[in-house]
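Notes follow the structure.
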Amino acid sequence: MSDKKTLFIDGIEVEIEGERNLLELCRKIGVDIPTFCYHPELSIFGACRLCLVEIEGRGIQSSCSVPPEAGLKIHTNTDQIRKLRRNTMELLLASHPQDCLKCPQSTKCKLQEIARKVGVTDIRYKLLTKKAEKDTSSYSIVRDPAKCILCGDCVRVCSEIQGVGALNFAKRGSNSTVITAFNIDMNKSECVNCGQCAAHCPTGALTIHSEVDETVKDINNPEKVTVVQMAPAVRVAIAEEFGMPAGVDSTKKIVTALKKLGVDYVYDTNFTADMTIVEESTEFVDRLTNGGVMPMFTSCCPAWIKYAETFHPQVLKNISSCRSPQGMFGAIVRKAMPEICGKDNKDIVSISIMPCTAKKFEARRDQFLKDGKYEIDHVLTTQELAQMLKSSGINLAELPDTELDAPLGAYTGAGVIFGVTGGVMEAVLRYAAEKVGGIKDAIEFKQVRGFEGIREAEVELNGKKLKLAIVHGLANAGKICEQVEAGTCKYDFIEVMACPGGCIGGAGQPISEGFCKKQQRAEGLYKADEKCALRKSQENKAVYDIYNKYLDGGPATHAAHENLHTSYEKRAKISADLDINKV
Amino acid sequence: MLFVISLKAEEQFFKLNFLWGVTMTETTGQVLTAVEKIEKVREILKENEYKPSRLIPILQAVQEVYRYLPKEVMNFVAEELKIPAGKIYGVATFYAHFSLDPKGKHLIRICDGTACHVRGSEPILTAVRNKLGLTKTKSTTDDMLFTLETVSCLGACGLAPVMVVDEDVHGQMTPDKAVALIDEILKTEKA
Ligand code: SF4
Ligand code: SF4
Ligand code: FES
């Protein structure tokens, strides 16, 4: 007799291996029960009533809310269940706008997909149209509450994963809605622009603010020279939009596609990722050896920066003053491009392609205003790049390869791995091991890799032990901030990325459910790193050329500070005028 | 759906409080300065040990200070309890008991429960609305003197139809009697 615990799903015996609920068990054996309100990484909500199964002797229950028990006999596809599911869908659709044809979420919408799956061909209920205004105030997110089905996914991801709580349920009954505090505009709320709510929303109620049209207009304008930077995580995800597997490195195809579209220069954010490493490691060593503020946090994630500014202003002095790679690239374009292309900055359009919605917000920070103009003109997400290509009749999958342009397309493997949680830390270690520790052959630091929400590692540099932490998800970052505030933080250096998995899991990436694609994208980046002849940022000669030409010859110089560093500001959670003294 | 069930329980709790007059202890007429009000809010928070789990009693007490829940104060309470302001907004908009709009100096509640309805609460409501220039969607007078609300059952069905003006319960109302009561208040207000 084995002590395995089993139950039966549609007559198949299934072993219980610590699954949270019946739904996970069903999915384990490939029975894909439709759901809206269930995400493995979020708490169980049980609101959508789509995951119904029949349990012998207990009747119909929602499978997401029932823990597995040995001996249960479950049926997932009875006539009654099929009828109930279709009915639930009809009810949801009856109060949903019927405007799929012009909805930005169309074809990616889970409501649409499941309606088709369960076979809705008619809605037998009276159609109700909710009246609710769109909120387009945010640089990153468009909120269209009329399309909300109240699954609460956004509410939970925002508070449970990101520790922000910008979206909540309000009112009740048929007036229920998901809304910001006091229904203020999203850009005045505590939202940090991470976009995870939009990545989790099954409908078009939360989508990404698109800059495709403006961008194409500039590309088509013969007066303008267009310069693109592309972030590391983009290349291992965009293929998914064109029917190829996750993790495939499409860098060279993207270059071909952009050139075909009419972009003049295609460069790589990896270039400034390398520069970030040089600059940030120098800053870290300086803090460490000259009694600077410790521990130090990384600064390349703009959602993390806004989070710290809003929720933990006491730790702002602990955050590296380095701009993000996108921000550094913005500055370098304005410095180097006039010479490279012979045009004035006013005719140079700087476009970045990012896996991230927060980068849209970052590009509009006051700190990135130069002579009354933002250094970066447009920020597109991976999804928008795909849409831009599709709308221009370009199929990425069929394109040949083209090399990135020089000089700002040169990069090392250290820059590539910026796109995955732990990558920035590993890149810093590759630099510090050689520059501080004198160790030349230290390249892979596997101890900092992985997907655990908070990971710890220890390295020894010049006989000094350094304690490192890598966190992703802002709720996790918040825990470390609290330790720093309380003076109990035992780490020296902390990498923070807001999105689960790091940039590869950014909200601007193709929508991916579950963890599998993220893992493949991460593997894609590590593979791309291995393929690089140069794998340490300090080996990127082009970076030093730019330092010599435009930045007083090296990191931490006056010019480097002026162009590659930034400042942070304490922010109110809610920036509407809410003076308690006035009431 | 556990969430909803527990909220229902809270709702009942309100009703009970209401019946026993616990929520009717607003000290009308006593004018506090903004600073004094904030002080009161701080006291309320302290009495409730800054516990987010005490949010509902906290909001009830705060509403007694301001006679409604101003956004500014909800935001302040959120900061002090270290919870998102949106959570408080959610609770405040869920319960009919909480008002997000300022209320007039005098609160008139007309019962429209079954007993009162049958015995003619409707004409009373119309008469009071006409008298004060109010409508279904406008429940507070421009001079902030009166707010008119309907409630479903005050638990005084024997006296139906019932109207409550501030803390006084008036039974067996008629439209004329209701208007007379308002005239009386207006007279003292003008004096
Ligand atoms: S973008 Fe991020 S912080 Fe803003 S509401 Fe969505 S999940 Fe919350
Ligand atoms: S906005 Fe989207 S994710 Fe949020 S509750 Fe509505 S449908 Fe669900
Ligand atoms: S997934 Fe179970 S109720 Fe929504």
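The values are calculated or read from the model by the stated rules, or taken from the named source; none is laboratory data. Predicted model only: the values in this text are computed from it and were never measured. Neighbour counts run over all protein chains shown; Cβ positions are idealised from the backbone, glycine included.
Which of the following residues is at positive phi, more than 6 Å from ligand 3 (Cβ to nearest atom) and in contact with a strand residue (DSSP E or B) (Cβ under 8 Å, 6 or more places away or on another chain): A:Gly30, A:Gly59, A:Gly46, A:Gly71? The conditions single out A:Gly71. Can you name every residue in the range A:145-164 that is touching a strand residue (DSSP E or B) at 6+ places or on another chain (Cβ under 7 Å) and either more than 8 Å from ligand 2 (Cβ to nearest atom) or under 17 Å from A:Gly506 (Cα atoms) (or both)? Residue satisfying the conditions is A:Cys154 alone.
With respect to A:Lys108, is the statement that it is in the same structural domain as A:Ala94 (by TED's automatic domain parsing), within 15 Å of ligand 2 (Cβ to nearest atom) and part of a loop (DSSP other than H, G, I, E, B) true? Criteria met by A:Lys108. Scanning the range A:569-583 for residues that are in a loop (DSSP other than H, G, I, E, B), loosely packed, with under 15 Cβ neighbours inside 10 Å and within 13 Å of chain B (Cβ to nearest Cβ) turns up A:Ala572, A:Ser575, A:Asp577, A:Asp579. Exactly one residue among A:Ala170, A:Ala198, A:Ala166 is within 8 Å of ligand 1 (Cβ to nearest atom), among the hydrophobic types (A, V, I, L, M, F, W, C), in the same structural domain as A:Thr129 (by TED's automatic domain parsing) and under 15 Å from B:Asn75 (Cβ atoms), and that residue is A:Ala166. Here the condition is being away from every other protein chain (no Cβ under 14 Å), of a type in the set (A, V, I, L, M), under 20 Å from A:Asp249 (Cβ atoms) and part of a loop (DSSP other than H, G, I, E, B); of A:Ala528, A:Ala507, A:Ala533, it holds for A:Ala533 alone. A single member of A:Lys317, A:Lys343 is assigned by TED's automatic domain parsing to the domain that holds A:Lys224, in a loop (DSSP other than H, G, I, E, B), surrounded by fewer than 21 Cβ atoms within 10 Å (Cβ to Cβ) and basic (Lys, Arg), and it is A:Lys343. Applying the selection to the range A:165-223, what residues are out of contact with any Lys or Arg (no Cβ under 6 Å at 6 or more places or on another chain), facing another protein chain (nearest Cβ under 9 Å) and in a strand (DSSP E or B)? Across the range A:165-223, the qualifying residues are A:Phe169, A:Ala170, A:Ile179. A:Arg82 meets the conditions (1) surrounded by fewer than 17 Cβ atoms within 10 Å (Cβ to Cβ); (2) in a helix (DSSP H, G or I); (3) assigned by TED's automatic domain parsing to the domain that holds A:Val155 in every case but one. The failed one is (3).
Take B:Glu36 and tell me if it is charged (D, E, K, R), within 11 Å of chain A (Cβ to nearest Cβ) and part of a helix (DSSP H, G or I).
Taking the combined requirement at face value, the residue does not satisfy it.
Against the conditions (1) modelled with pLDDT under 95; (2) within 15 Å of A:Thr207 (Cβ to Cβ), A:Ser140 satisfies every one except (1). If you go through the range A:511-527 and pick out every residue that is of a type outside the set (A, V, I, L, M) and either crowded, with 22+ Cβ neighbours inside 10 Å or modelled with pLDDT of 90 or more (or both), you end up with 9. When B:Val65 is tested against (1) free of Cβ contacts under 8 Å to residues at least 40 places away in the same chain; (2) part of a loop (DSSP other than H, G, I, E, B); (3) crowded, with 19+ Cβ neighbours inside 10 Å, exactly one condition is not met: (2).
Note on the range A:66-124: residues that are touching a Gly at 6+ places or on another chain (Cβ under 7 Å) and more than 20 Å from A:Arg49 (Cα to Cα) total 3. The single condition among (1) surrounded by fewer than 22 Cβ atoms within 10 Å (Cβ to Cβ); (2) touching a strand residue (DSSP E or B) at 6+ places or on another chain (Cβ under 7 Å) that A:Gln383 does not satisfy is (1). In the range A:455-482, the residue that is nearest to A:Leu288 (Cα to Cα) out of those that are aliphatic (A, V, I, L, M) and assigned to a helix (DSSP H, G or I) is A:Ile480.
Being within 14 Å of another protein chain (Cβ to nearest Cβ), among the β-branched types (Val, Ile, Thr) and either out of contact with any Pro (no Cβ under 7 Å at 6 or more places or on another chain) or within 16 Å of ligand 3 (Cβ to nearest atom) (or both) narrows it down to one residue among A:Val142, A:Val155, A:Val120; which is it? Result of the check over A:Val142, A:Val155, A:Val120: A:Val155. Checked against the criterion of being of a type outside the set (S, T, N, Q), modelled with pLDDT of 95 or more, away from ligand 1 (no atom under 11 Å from the Cβ) and out of contact with any helix residue (DSSP H, G or I) (no Cβ under 6 Å at 6 or more places or on another chain), the candidates A:Lys102, A:Lys126, A:Lys131, A:Lys188 yield just one match: A:Lys188. Sub-6 Å Cβ pairs linking a first residue in the range B:152-178 that is at negative phi to a second residue that is basic (Lys, Arg), at least 6 apart or interchain, are B:Ala160/B:Arg119; B:Pro161/B:Arg119; B:Val164/B:Arg109, ordered by first then second residue.
Of A:Cys191, A:Cys201, all but one fail to be of a type outside the set (A, V, I, L, M) and within 16 Å of ligand 3 (Cβ to nearest atom); the exception is A:Cys201.
Restricting A:Phe36, A:Phe8 to those that are within 16 Å of ligand 2 (Cβ to nearest atom) and modelled with pLDDT of 95 or more reduces the list to A:Phe36. Evaluation of A:Thr276 against the conditions (1) assigned to a helix (DSSP H, G or I); (2) within 14 Å of chain B (Cβ to nearest Cβ) shows that the sole unmet condition is (2). Just one of the numbered conditions (1) exposed (fewer than 15 other Cβ atoms within 10 Å of the Cβ); (2) more than 14 Å from every other protein chain (Cβ to nearest Cβ) is not true of A:Thr566: (1). Of everything listed in (1) outside any loop (DSSP other than H, G, I, E, B); (2) within 6 Å of ligand 1 (Cβ to nearest atom), the single unmet condition for A:Glu160 is (2). Looking for something more than 14 Å from chain B (Cβ to nearest Cβ) and closer than 25 Å to A:Asp347 by Cβ - is there at least one such residue anywhere in the range A:231-245? The answer is yes; a qualifying residue exists.
Of everything in the range A:131-157, what is in a loop (DSSP other than H, G, I, E, B), more than 22 Å from A:Lys306 (Cα to Cα) and touching a residue at least 40 places away in the same chain (Cβ under 8 Å)? Give them in sequence order.
Passing the criteria: A:Ala132, A:Asp144, A:Cys148, A:Ile149, A:Leu150, A:Cys151, A:Gly152.
Between A:Ala507, A:Ala469, A:Ala486, A:Ala475, the distinction of being within 16 Å of ligand 2 (Cβ to nearest atom) and at pLDDT 95 or above belongs to A:Ala507 only.
Testing A:Gly478 on (1) closer than 13 Å to A:Ile161 by Cβ; (2) touching a strand residue (DSSP E or B) at 6+ places or on another chain (Cβ under 6 Å), one condition comes back false. Which one is that? For A:Gly478, the exception is condition (2).
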